[in-house]
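Just below is one structure, and these are the notes that go with it.
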Amino acid sequence: MKEAEYLRWLTEETTSYNDIIGIFFPATMWKQMPHFVQTLLRNYITSVVVYFLLCFLWCFYFYYFKSNVYTPKDSRIPWRKSVIMSQISVSMKAMPWISTVAAISERMIEGGWTKCYISISEVGPLAYIMHVLIHAMFVEFWLYWTHRAMHDIKPLYKRFHSVHHKFNKEDSLSPFAGPASHPVEAVLDVVPFMVLLFLVPMHFTTELILMSLNGIWTLYTHSCVDAEIWPIMSADYHTLHHVTHRYNYGNYTVLMDWMFGTLRPPSIHGDEDKAK
Ligand SMILES: [Zn+2]
Ligand SMILES: [Zn+2]
């Protein structure tokens, strides 16, 4: 158990983050809310605002302002209102669950039950870099295998992952589809961040940044924007995953697909792979 003063400082830090959202609530109402509820609301409201803001900006820039520059030539742009609304609807059902896992994680950190630390100087820069690398590899491994299991085990696909694969063509994918998953799958995608808190020491602010980046990354990978940069699992790799229902299960990089034999670069994509 860590020192009480250390943990109090940590709770004060998260309270200061919460109070940024608190200015949008009546002061007395906000003050009466338990700290956990404030944290949950902060995570949820921030996620929703960032989701809409980034998705609208992304769509405007890449599909309208720079149309046909970064997206495949003559590709049909996913502006069909019904498709976008469906992606938003599925995403909105997943987000409360993602925010709940994030809030529970923070509560466990504040309770001193995890290996989280506040300052990089506590472990040194080398150990900090090692922690981030181990963390990234574990998350990559977890997301690859849970995603692959969702395809290989048909009942899992039918019950959970098919919701995300409703959007399976270039013209039915957009950043709005990023978090559009069944709540069970959405929780599975953020659980590794919570599990790792007990296994690998991690800098507190970096943990929050890594969780947020993971969510933002899914907006990009569903955008159909061409950008093959090895070893990044760029959007065109993930588009190929949606079109074929096979290959390219990874998250940030192509390494897991390369190691486990499921990598398929978009440049060698053939019509024979297309899903029936
Ligand atoms: Zn899939
Ligand atoms: Zn996807």
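Some observations on this one:
- Leading residue by the ranking (surrounded by the most Cβ atoms within 10 Å (Cβ to Cβ)) among those in region 147-159 that are within 10 Å of ligand 1 (Cβ to nearest atom) and not charged (D, E, K, R): Met150
- Meets criteria (touching a Cys at 6+ places or on another chain (Cβ under 6 Å), closer than 30 Å to Trp58 by Cβ and either in contact (Cβ under 8 Å) with a residue 40 or more places away in the chain or not in a helix (DSSP H, G or I) (or both)) for Phe141: no
- Options Ser172, Ser162, Ser181; residue that is within 13 Å of the chain's Cα centre (by Cα), over 30 Å from Ser16 (Cβ atoms) and within 16 Å of ligand 1 (Cβ to nearest atom): Ser181
- Here Asn214, Asn251 are screened, and the one residue that is surrounded by fewer than 20 Cβ atoms within 10 Å (Cβ to Cβ) and touching a residue at least 60 places away in the same chain (Cβ under 8 Å) is Asn214.
- The residue that is modelled with the lowest pLDDT, counting only those in region 170-197 that are touching a Ser or Thr at 6+ places or on another chain (Cβ under 6 Å) and more than 19 Å from Phe52 (Cα to Cα), is Glu170.
- Checklist (1) over 22 Å from Ile84 (Cα atoms); (2) small (Gly, Ala, Ser); (3) surrounded by 16 or more Cβ atoms within 10 Å (Cβ to Cβ) applied to Ser172, failing item: (1)
- Some residue of region 190-213 being within 14 Å of ligand 2 (Cβ to nearest atom), within 19 Å of the chain's Cα centre (by Cα) and part of a helix (DSSP H, G or I): no
- Complete set of residues in region 185-237 that are among the aliphatic types (A, V, I, L, M) and touching a strand residue (DSSP E or B) at 6+ places or on another chain (Cβ under 7 Å): Leu196, Leu197, Met202, Ile232, Met233
- Just one of the numbered conditions (1) away from ligand 1 (no atom under 16 Å from the Cβ); (2) at pLDDT 95 or above; (3) crowded, with 17+ Cβ neighbours inside 10 Å is not true of Ile209: (3).
- Region 234-265, subset aliphatic (A, V, I, L, M), away from ligand 1 (no atom under 12 Å from the Cβ) and part of a helix (DSSP H, G or I), residue modelled with the lowest pLDDT: Ala235
- Applying the condition of being loosely packed, with under 14 Cβ neighbours inside 10 Å and not polar (S, T, N, Q) to region 114-126 and asking which residue is nearest to Met194 (Cα to Cα) yields Lys115.
- Hits in region 217-233 - residues which are in contact (Cβ under 8 Å) with a residue 24 or more places away in the chain and either of a type in the set (A, V, I, L, M, F, W, C) or not in a helix (DSSP H, G or I) (or both): Trp217, Leu219, His222, Ser223, Cys224, Val225, Asp226, Ala227, Glu228, Trp230, Pro231, Met233
- Any hit, region 152-166, residues being in contact with a helix residue (DSSP H, G or I) (Cβ under 6 Å, 6 or more places away or on another chain), more than 12 Å from ligand 2 (Cβ to nearest atom), without any contact (Cβ under 8 Å) to a residue 12 or more places away in the chain and more than 26 Å from Val48 (Cβ to Cβ): yes
- Subset tally (residues that are part of a loop (DSSP other than H, G, I, E, B) and either modelled with pLDDT of 90 or more or closer than 24 Å to Val190 by Cα (or both)) for region 23-77: 6
The values are calculated or read from the model by the stated rules, or taken from the named source; none is laboratory data. All values derive from a computational prediction rather than experimental measurement. In this analysis, Cβ positions are derived from the backbone assuming ideal geometry, glycine residues included, and neighbour counts consider all displayed protein chains.
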